[in-house]
Amino acid sequence: MAKVRIGVIGCGAMGRGIHLPSLASIPDCEVCAVCDLVREKADAMAAKYNIPRTYYLHTDLIAGEAGRLDGVVCLVEPDRMYRVVYDCLKAGFNVMMEKPAGINSYQSDSLARTAKAMNLKLAVAMNRRHIPIVREVMRVMKELTEINEVNGVFIKHSDIAASWHYMDAYVSDIIHAVDLVRWL
């Protein structure tokens, strides 16, 4: 079976710390291209993971990788995500994106409709579903005959260094709690 060929757009904390190491550990996956607006980040990840092609604008990756990739992983800041994912979909790429799927319902709906119209796959990384404690909660909940009350606490570390984090923590992170409640 041929390897799945992936491009990664965004080499910030999520790219460096989670997605690129994870993709590199999958035997049937090959990261063929990487992109970041910060040249040093893109170059460093290309060197670290032996990625053959490096881009600094997502539009250049789209043009350079047309017909060469099976999909793109988009890991850019929330205020840039819609444009990058939309451009990738319109160019014919399947996309896995970090959350949120948009900064408003119009953006989320637009991306879903675009993917459907283009017959492409669009996935939002809801990786908390796979955390062992969440799996255990799911198992216990299936054993219960009736759930009377659900309580939760949301705690967000204030990271003032993240300049893109212009929106309230509830917008960017609460989606995980909403997803888990809907999924459970």
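The values are calculated or read from the model by the stated rules, or taken from the named source; none is laboratory data. As the structure is a prediction and not an experimental result, all values here were calculated from the model. Here the Cβ is made from the backbone with ideal geometry for all residues, glycine too, and neighbour counts use every protein chain on show.
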Filter region 10-42 for residues that are crowded, with 16+ Cβ neighbours inside 10 Å and acidic (Asp, Glu); the one that is farthest from Tyr86 (Cα to Cα) is Glu30
Read through the list (1) free of Cβ contacts under 8 Å to residues at least 40 places away in the same chain; (2) touching an Asp or Glu at 6+ places or on another chain (Cβ under 6 Å); (3) of a type in the set (Val, Ile, Thr), then give the number of the only condition that Ile26 fails. (2)
Can you tell me which residues in region 97-119 are modelled with pLDDT of 95 or more, surrounded by fewer than 17 Cβ atoms within 10 Å (Cβ to Cβ) and either touching a Leu at 6+ places or on another chain (Cβ under 7 Å) or assigned to a loop (DSSP other than H, G, I, E, B) (or both)? Ala112, Met118, Asn119
